[in-house]
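Report on one structure; see the data block that follows.
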Amino acid sequence: MGRRGLCPAGGPEYRARANAEGRPTGTGERGGMNAYDGGPTAPAGAEHPAAPTPPYPGPRTGVAALSLRYQIGAALAVAVVAITVCVHIGMVFLHVAPPNTVTKKHGKAIDDWLYPEFEQNWKLFAPNPLQQNIAVQVRARVRTADGYIRTTGWQDLSAQDGRAIDGNPLPSHTQQNELRRSWDFFVSTHGTDNRPVGLRGALAETYLRHIVVLRLHRADAAGKGGILEHVQVRSRTTAVPPPKWSGEQVSATPVYRELPWWSVPADEAAR
């Protein structure tokens with residue numbers, strides 16, 4: 001039995017009553033519900049929304065912001081740095097590697113590249129660590145502005161480096177190693193008579209002289225209008241005291257090694 005007042009959806013009576021009440025009929029009329037897909041239909045004359053435009057990429061930064069000429073320059077600089085690093089790593093490897101055909105043929109070129117700034121050694125792994133304190137000291141003969149010659153007192157350059165390192169959480173490589181390595185380089189290329197042994201002796205003397213002259217200029221050893229004419233370097237070696245529980249006996253008397261006076265070239269004499 002059907003109920004009074006009801007009519008099937010989509011029938012003529014249903015559509016007539018819906019039209020009279022202003023409701024959508026759901027049969028696909030314009031502005032109503034689509035009977036086939038169940039979704040609302042766009043009203044007649046409506047335009048479809050335009051596709052969203054992509055966001056603006058913004059200004060270029062870094063190397064991309066440079067002109068083509070500067071980009072090429074930056075690429076060349078990076079290439080030069082990369083090649084230099086590769087060559088340096090190769091030289092260090094050949095220096096520490098066992099003797100081979102390459103080191104026998106190009107040994108001088110490898111040594112010229114590494115010494116004295118990049119010398120490699122294995123003292124870190126030595127079974128007997130150094131048991132001496134070695135201080136490098138220097139004095140100079142100065143021609144004063146009024147023409148007199150005077151000799152300065154000994155300046156302890158190692159003590160100056162020690163004071164600069166003490167309490168400094170990030171000491172420089174120069175403060176820690178420059179003077180110490182230059183003296184080690186000199187000792188390894190000279191005999192006990194302070195004469196050079198081998199081809200690197202002259203280089204070691206020049207390197208050490210450059211360092212001490214520069215330190216004297218920094219300390220204003222020549223004074224106003226003065227000129228450094230000669231410098232003399234010496235080392236002061238003292239034994240490290242053994243621990244209290246050790247029965248070892250060592251002498252506390254310092255041992256000095258004085259080098260001959262070196263003339264200072266004219267281009268280095270004046271500050």
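Okay, here's what the table says:
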item: Extension gain, GLU119 back to TRP245 (0.36 nm per residue minus Cα-Cα distance, nm); result: 41.7 nm
item: Summed residue charge, Cβ within 11 Å of GLN232's Cβ, Lys/Arg positive, Asp/Glu negative; result: +3
item: Area projected by the alpha carbon convex hull of segment 154-271, averaged over all directions, nm²; result: 10.0
item: Part-to-part distance (alpha-carbon centres) for segment 150-172 and segment 78-102, which is given in Å; result: 34
item: Neighbourhood net charge (11 Å Cβ-Cβ; Lys/Arg +1, Asp/Glu -1) for SER188; result: 0
item: Measure of compaction for segment 139-217 (Cα Rg per 2.2 N^0.38 Å); result: 1.32
item: Sulfur and carbon atoms: percent of accessible area, segment 127-269 [1.4 Å]; result: 53
item: Counted charge near ARG257, where neighbours are those whose Cβ lies closer than 9 Å (Asp, Glu -1; Lys, Arg +1); result: +1
item: Cβ-Cβ FRET estimate between LEU66 and TRP154, R0 fixed at 51 Å, reported to 0.05; result: 0.40
item: Average accessible surface area per residue within segment 93-247, 1.4 Å rolling probe, Å²; result: 64
item: Extent along principal axes [Cα atoms of segment 214-271; Å; largest to smallest]; result: 55, 21, 14
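The values are calculated or read from the model by the stated rules, or taken from the named source; none is laboratory data. All of these numbers come straight from a predicted model, not from anything done at the bench. Every residue, glycine as well, gets a Cβ built from its backbone with ideal geometry; the counts of neighbours run over all protein chains shown. Remember, those area values only see protein heavy atoms, side chains included, never the ligands or the DNA or RNA. Shrake-Rupley method; radii C 1.70, N 1.55, O 1.52, S 1.80 Å.
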